[in-house]
Amino acid sequence: MWKIMNIENFPKMTPKLISRLPAVGTTIFTVMSALAAQHKAVNLGQGFPDFACDPALVNHVTKAMQGGHNQYPPMPGIPQFREAIAAKINTLHGRTYRAADEITITAGATQAIITTILAIVHPGDEVIVLEPCYDSYVPNIVLAGGAAVRVPLTPGTFRPDFDAIGAALSPKTRAIIVNSPHNPSATVWTRQDMLTLQELLAPTSVILISDEVYEHMVFDGAQHESAARYPGLAERAFIVSSFGKTYHVTGWKVGYVAAPASMMAEFRKVHQFNVFTVNTPMQYALAAYMADPTPYLDLPAFYQRKRDLFRTGLACTRFKLLPSEGSYFQCVDISQVSDLGEADFCQWLTTEIGVAAIPLSAFYGDGFDQHVVRFCFAKEDATLHAALERLKAL
């Protein structure tokens with residue numbers, strides 16, 4: 001029989017964990033935002049708006065809550081929301097997705113991506129990531145037991161290097177992650193880029209994870225080239241998007257995935273045990289709000305005006321402006337401003353000038369430093385003017 005012993009006689013010890021992510025520390029976004037707050041700097045580092053969403057959207061949430069929509073919704077999302085998304089994709093990109101079994105509502109795009117990776121990647125599989133890349137991709141692959149194969153975008157232009165991508169493909173390649181409009185470089189894949197990718201993947205069984213969270217932020221008359229537009233890509237793609245980005249409600253954490261039914265079935269197997277479902281009143285609100293396409297159709301002009309305001313102000317500095325074709329980011333070359341590395345420069349800029357930015361080296365696995373930093377212009381005009389006034393010192 002077990003003998004009850006006095007636990008006071010045992011040394012107190014917290015069990016030691018073996019980390020699943022031993023190489024992961026505090027993200028650069030957390031570090032820079034904390035530094036910005038400490039020094040009362042204008043924070044153009046982390047990518048989220050500092051302005052309110054449309055009050056009509058908030059009213060829809062209130063109506064949904066008052067209407068009793070406060071319990072669990074269906075696991076893949078409420079039908080009318082999925083139907084609204086299917087209709088939007090069909091109208092914009094000419095691809096028909098069945099709301100019933102080809103679209104799932106997610107707790108933001110980050111959850112959509114890790115759920116996709118957990119659903120398809122097995123130990124020993126390889127996933128191609130194009131660097132610089134969003135910082136969740138590689139940890140997600142590691143958690144699934146896969147290996148990330150890092151392929152750099154062309155330094156300076158951040159265009160896809162299809163020879164390098166082709167060379168990275170192997171019998172172990174399970175998937176490739178593509179992000180356009182691109183975070184952090186603000187470049188946009190062209191129609192020819194997508195056709196080339198389609199041709200490259202055609203003889204393979206490689207799955208495409210197409211991160212399209214900035215789909216409604218493409219500038220200068222260009223259009224977003226969704227994977228949904230290309231049959232050879234759509235038939236192998238998980239397409240991810242974010243309502244947080246589109247409607248200025250990043251804190252709501254609502255996104256979606258569209259994929260062929262057989263692929264979506266595997267996604268939902270993981271999704272149901274990953275988050276199960278997504279908050280109900282926001283789904284009803286967003287479904288109602290989507291009845292009017294004007295907000296997302298007007299979004300390119302809304303952000304292009306902010307981009308142009310910011311670029312005009314930066315032109316008075318010694319920064320070299322890189323193209324900003326899409327997203328709400330602006331990258332600059334700091335070579336004519338400082339000899340510091342990107343990370344040290346961003347700390348100096350925050351503490352001495354009072355403006356926070358993000359080093360592009362943070363988006364590379366090896367910390368590749370090309371003297372480029374990223375600003376976010378998804379801010380009130382007053383915030384941008386305040387930052388530009390401080391940056392005049394450069």
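Students often get this wrong, so check it: of Lys88/Lys379; Lys88/Lys320; Lys269/Lys379; Lys16/Lys269, which have C-alpha atoms separated by over 29 Å? Where the Cα-Cα span goes over 29 Å, the pairs concerned are Lys88/Lys320; Lys269/Lys379; Lys16/Lys269. With the simple spin-label model, which puts each label point 7 Å out from Cα in the Cβ direction, the Thr190 to Asn90 separation comes to 3.3 nm. Full extension of the chain between Val58 and Gln336 gives 95.6 nm of extra length, using 0.36 nm per residue less the Cα-Cα distance. Going from the fewest other Cβ atoms within 10 Å to the most, the residues Met65, Met13, Met264 appear in the order Met13, Met65, Met264. Relative to one another, the C-alpha centroids of segment 331-362 and segment 249-297 are positioned 36 Å apart. Here segment 244-260 is scanned for amide nitrogen atoms under 20 Å from the site 7 Å beyond the Cα of Asp50 along Cα-to-Cβ, giving 245-252. Here the Debye sum runs over all C-alpha atoms of the chain as equal scatterers in vacuum, and log10 of I(q)/I(0) at q = 0.12 Å⁻¹ comes out as -0.97.
Shown is the FRET efficiency for His122 and Leu17, computed with R0 = 30 Å from the Cβ-Cβ distance and rounded to the nearest 0.05: 0.80. Averaging the sequence gap over all C-alpha pairs within less than 8 Å and six or more residues apart, then dividing by the number of residues, gives the chain a relative contact order of 24 percent. Taking label points 7 Å from Cα along the Cα-to-Cβ direction, Ser205 and Thr26 give a separation of 4.5 nm. Cα centroid separation, segment 13-66 to segment 194-238: 28 Å. Highest mean packing comes first when the peptides 235-247, 46-58, 98-110 are listed by Cβ atoms within 10 Å, giving 235-247, 98-110, 46-58. If you run the Gaussian network model on the chain, springs between alpha carbon atoms under 10 Å, then out of Asp333, Asp125, Asp344 the most flexible one is Asp344. Considering the chain as a Gaussian network with a 10 Å cut-off on Cα pairs, which listed residue, Thr250, Thr196, Thr350, attains the greatest mean-square fluctuation? Highest fluctuation among the options: Thr196.
Each value in this text was obtained by applying a stated rule to the coordinates, not by laboratory testing. As the structure is a prediction and not an experimental result, all values here were calculated from the model. Note: ideal-geometry Cβ built from the backbone for every residue, glycine included; neighbour counts use all protein chains shown.
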